Every structure is written in structure tokens, then in C-alpha cells.
Amino acid sequence: MKAINYKFREKLNSTIGGEAHGFCYQCGACVGDCPAAMYSPEFNPREILLSAILGDEEALTGENSPIWNCTNCYTCYERCPQAVRPVEVIIALKNICFEKGTNPLEVKDIVDSVKDAGRTVKITSLSDRRRKELGLKEVKIVPMEELRELFEP
Amino acid sequence: MKYAPFFGCMITVKYPQMEAAVRRTAEKLGMELVDLEGFSCCPDPIFFKATDKLIWLTIAARNICIAEEAGLDLITMCSGCTATLCEANYHLSREPELREKVNKRLKKIGKEYKGTISVRHIVTVLRDDLGIEKVKKSVKRPLNNIKVGIHYGCHLLKPSEIMRVDDPDSPTILENLFGAIGAQVIHHEKQVLCCGKACMSEAIPEKMTYDVLTSLKKSGADCMGLICPTCFDEFDLGQIKLSRKLKQDLTIPILYYFQFLGLAQGLSPHDVGLHLHKTKTDEIVKKLAS
């Protein structure tokens, strides 16, 4: 049996949203209505929480982590009797992946788009044309100098 | 009543027909939309939140600050923007330590989050501020012969502790709003299933989309009605792709609630941008005329 990695658990405890992972008593209430679990036997929020309690850093934040299959529907947040907010623990784990650089590249592209232009979807000549045709005003410019300040501590 | 609209990225850039529908219908309801300067992406509650929650909260707080400075409540038209801005507003108004961290960053750009305004999805405003009766009174052409299957989406309702909109397991808000414009609401088995858009796997959302579409078809609905551009993104193009892949006709028109409302208020299909949808909406337009 593997030893519990307390160092990783401390890391999770100090990441916003990860604080309550230790309160999970493995009841499985999060699993029954989880759409990702319903459609994929490999995804199981109770098992993700068990790995978190054991501090299994590689399983959760390695390249093949199952956490990216969460649909972010927040049903587990509704169901959990311990207020663990499993989806928030999963998002905290994703934050740790970003720190380590083990996140999927597609996710980074979307974030880079916000860093570059302040939006997840970039304005194109087609989007401008469509707005004009519908009688809408031009898209307002995002003050990027302000936004960039906020990315740094 | 005055509100500051927050249209976000998806609607503004990808689905401006939704913005056109909101602006035109809100005017008929006597809502005054005051456009404020300087909003950015909310930022998105899935991928951006997954990178760094503190930066996510800070950028959300900056958007909220803009509305605070104007002294106006924010209304959102996208369930994603609703999730981000409501969650940020909820946590920052209750957790002083978190607010301090966020305000330390905001100070660099001369802003401070104070927690003085509310953020709500516009459908909540229709139900709670204007009232169903007022929506009903704005209708000139009730959608009597249109059967709508609702897709709720997740982030209008959950987490219910924060959103406080409706019962997330058996909501009624959209039934009542569709009822107000005369549409026949058809219940279907998967109406509160997630659209799956946030999931990084391809297989999971595909199976979910398949189940939602077949559940709708089985119910006898003429179309799907929804309130979120991300769900729309998943189902509009998604149903065409899936129909091709499976060699099965899964197509069904999808409209945003405010497009239905606009049609009921007498606006033309073009006014609410139905021509911009990937899945044809001709059947719905025909039913309007009959």
C-alpha cells in the first residue's frame, strides 16, 4: 500500500477550492447523477476524491489525469452531504496542473486568447459583418493594459 | 428599469443574433439597457477558471467594479458569464480574506471591489423584476402551435446555493417564460442534462448530445429552446456533425429564448437573426405564418 502524500494534500489545501477535499467520506453521492460518470466508466468523482485524500499527485495531475473529463455541471456540488464541492476540488487540481505544465494544450489556447485580446472568441471580419447586418454597434475594445496588470501578483 | 448588460464573448462575437434578440425584446418590455465601457471576457468559468482561480476572480471582479461604479445591476445573457460573475460576486462579498487578495491586485488599476450590485441572468429579471404578466402583455403573436422542448443547461441553476434561481432538479422558470409567449412546452427525458461542452473528451459530449437530441425527437417537440450560447454551440453545429457521422437524422431547430420572445412580439425572423443558424429554422418560421 502506498503512503499518503501529505505534501500534495497541503498543496491542494492551499489552492482555492481544494480546501474541503479532506472532508470526503467516500459516500459516492457525487457519482449517481454525474453525467461524465454516466457516459464514461473511467470517470468517477468519488475515486478522484479518494486519490486526493491519498495525495496521489501523479494520478491526479499527471499527463493522463481523468479530471479533464469533468463536464463542470456542478451536480456533485448539489449532491455532496459534506460540502466538499467535488467540482471545485477538481478545478483546484486543474490549477495545480497549470502550475506544473501538465494541462491539455487546447485549454491554454483559450486562456492565451483572453491574455492577447481580452476575449475567448476573437473578433473577425465575419463577426463584424454579421453585427452590422443585424444593426448592432461595433464590438467595444477591451482595455488590455488594465487586464494585463491583473495577470501578475 | 435600468440594467447594465453583459453580453460576453460568445454572444458578442459568435452569435450576435442573440444580442440583437435581447436588445429588441428588452426594449419592448420597457427595460433600459445602459452599455458600459471596458468589459472583458467574464472570464470563462471552465478553461480560464481551470488555470488560476485567483486571476479568474480578479478579472471577474474588475467587470463587476465597472457596474458598481455606474451604480447598476449587471444582467447576463450567457449561462457561462452568469456562472463566473455570480460566483465571484458571491464569494467576494462573503469572504474578506479573498476580497483582500483580489483588491490588492485591483488597486494597481485603481479599482476596488465593494460588493454593492447584483448579477443575474436576464431570464431571472424577466420572472422576478418584470413578472410573467408583463412578458405576456408584450406578445402580439402567441406561438400557440409551436412545441418547444427546453434545454436548461447547468449554470443558470447550479450551484443552487449561489445561483438561487430555481430547484435545479425540477426547475420551472423556463416553462413559465415559454408559457407566457404561448408556446407549448413539451417535457422530455433529458431536459436537465448537461450539454457536455466543457468536457475535454470527444466521446462523452457526443453521447450526451445524441441522448439530448433523441430525447427531444421522441417527445414530439418541434424545436429546442435554450438560454445559453455555449449549449447552442454544442447542439447547433453538433447535431449536423453527429447526423453525418451516424447517418441518422438528428436535426431539430434550436432557438435562444429571446428569439422566440421576439417572434412572439411580432419581430421578423431576420430581426432575431434566424438566418444565421447552422440548423435550418424554416419549419418554425412556417408554423409562425400558419
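Summary table below
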| item | result |
| --- | --- |
| Residue list for the range A:86-135, filter: buried (at least 16 other Cβ atoms within 10 Å of the Cβ) and small (Gly, Ala, Ser) | A:92, A:113, A:117, A:118, A:127 |
| Residues being buried (at least 16 other Cβ atoms within 10 Å of the Cβ) and over 16 Å from the mean Cα position of the chain (by Cα) - total across the range A:36-47 | 6 |
| Hits in the range A:112-135 - residues which are in a loop (DSSP other than H, G, I, E, B), among the hydrophobic types (A, V, I, L, M, F, W, C) and in contact (Cβ under 8 Å) with a residue 12 or more places away in the chain | A:123 |
| Residues of the range B:17-38 that turn out to be facing chain A (nearest Cβ under 7 Å) and either in contact with a Phe, Trp or Tyr (Cβ under 8 Å, 6 or more places away or on another chain) or buried (at least 24 other Cβ atoms within 10 Å of the Cβ) (or both), as a count | 3 |
| Selection from the range B:105-160 of residues that are part of a loop (DSSP other than H, G, I, E, B), closer than 21 Å to residue B:81 by Cβ, in contact with a Leu (Cβ under 9 Å, 6 or more places away or on another chain) and assigned by TED's automatic domain parsing to the domain that holds residue B:84 | B:113, B:115, B:117, B:118 |
| Residues (of a type in the set (S, T, N, Q) and either within 20 Å of residue A:148 (Cα to Cα) or at pLDDT below 95 (or both)) located in the range B:46-95 | B:51, B:58, B:63, B:84 |
| Selection status of residue A:11, among the basic types (Lys, Arg), under 23 Å from residue B:56 (Cβ atoms) and either assigned to a helix (DSSP H, G or I) or modelled with pLDDT of 95 or more (or both) | yes |
| Failed item, numbered, when residue A:84 is tested on (1) more than 10 Å from chain B (Cβ to nearest Cβ); (2) farther than 19 Å from residue A:102 by Cβ; (3) at pLDDT below 95 | (3) |
| Every residue from the range A:136-152 that is in a loop (DSSP other than H, G, I, E, B) and more than 7 Å from chain B (Cβ to nearest Cβ) | A:137, A:138, A:141, A:152 |
| Helices (runs of 4 or more DSSP H) contained entirely in the range A:18-66, each with at least 3 residues that are modelled with pLDDT of 95 or more and touching a Lys or Arg at 6+ places or on another chain (Cβ under 7 Å) | A:29-32 |
| Test result for residue A:61, in contact with an Asp or Glu (Cβ under 7 Å, 6 or more places away or on another chain) and not small (Gly, Ala, Ser) | no |
| Test for residue A:147: is it of a type in the set (A, V, I, L, M), surrounded by 21 or more Cβ atoms within 10 Å (Cβ to Cβ), under 30 Å from residue B:20 (Cα atoms) and modelled with pLDDT of 95 or more | yes |
| Residue within the range B:92-102 that is surrounded by fewer than 24 Cβ atoms within 10 Å (Cβ to Cβ), more than 9 Å from every other protein chain (Cβ to nearest Cβ) and either among the hydrophobic types (A, V, I, L, M, F, W, C) or in contact with a strand residue (DSSP E or B) (Cβ under 7 Å, 6 or more places away or on another chain) (or both) present | yes |
| Residue ranges of helices (runs of 4 or more DSSP H) in the range B:169-278 with at least 1 members assigned by TED's automatic domain parsing to the domain that holds residue B:154, among the acidic types (Asp, Glu) and in contact with a Gly (Cβ under 9 Å, 6 or more places away or on another chain) | B:203-219, B:229-246 |
| Unmet requirement for residue A:91, which otherwise passes all of (1) in a helix (DSSP H, G or I); (2) more than 7 Å from every other protein chain (Cβ to nearest Cβ) | (2) |
| Residue within the range B:111-132 that is without any contact (Cβ under 8 Å) to a residue 12 or more places away in the chain and under 30 Å from residue B:54 (Cβ atoms) present | no |
| Unique residue being touching a residue at least 40 places away in the same chain (Cβ under 8 Å), at positive phi and among the small types (Gly, Ala, Ser) when the list is A:83, A:92 | A:83 |
| Considering residues of the range B:194-204 that are closer than 19 Å to residue A:44 by Cβ and crowded, with 24+ Cβ neighbours inside 10 Å only, the residue farthest from the chain's Cα centre (by Cα) | B:199 |
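To keep it simple, each residue is scored yes or no on (1) among the acidic types (Asp, Glu); (2) assigned by TED's automatic domain parsing to the domain that holds residue B:98; (3) in contact (Cβ under 8 Å) with a residue 12 or more places away in the chain.
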residue: B:22; (1), (2), (3): no, yes, yes
residue: B:27; (1), (2), (3): yes, yes, no
residue: B:36; (1), (2), (3): no, yes, yes
residue: B:42; (1), (2), (3): no, yes, yes
residue: B:53; (1), (2), (3): no, yes, no
residue: B:56; (1), (2), (3): no, yes, yes
residue: B:63; (1), (2), (3): no, yes, yes
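One line per residue, one yes/no per condition, for (1) of a type in the set (A, V, I, L, M, F, W, C); (2) surrounded by fewer than 19 Cβ atoms within 10 Å (Cβ to Cβ):
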{"residue": "B:181", "(1), (2)": "yes, no"}
{"residue": "B:213", "(1), (2)": "yes, no"}
{"residue": "B:224", "(1), (2)": "yes, no"}
{"residue": "B:229", "(1), (2)": "no, no"}
{"residue": "B:243", "(1), (2)": "no, yes"}
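The values are calculated or read from the model by the stated rules, or taken from the named source; none is laboratory data. Since the model is a prediction, treat every value here as computed from it, not as a measurement. All Cβ positions, glycine included, derive from the backbone under ideal geometry; neighbour counts span all protein chains shown.
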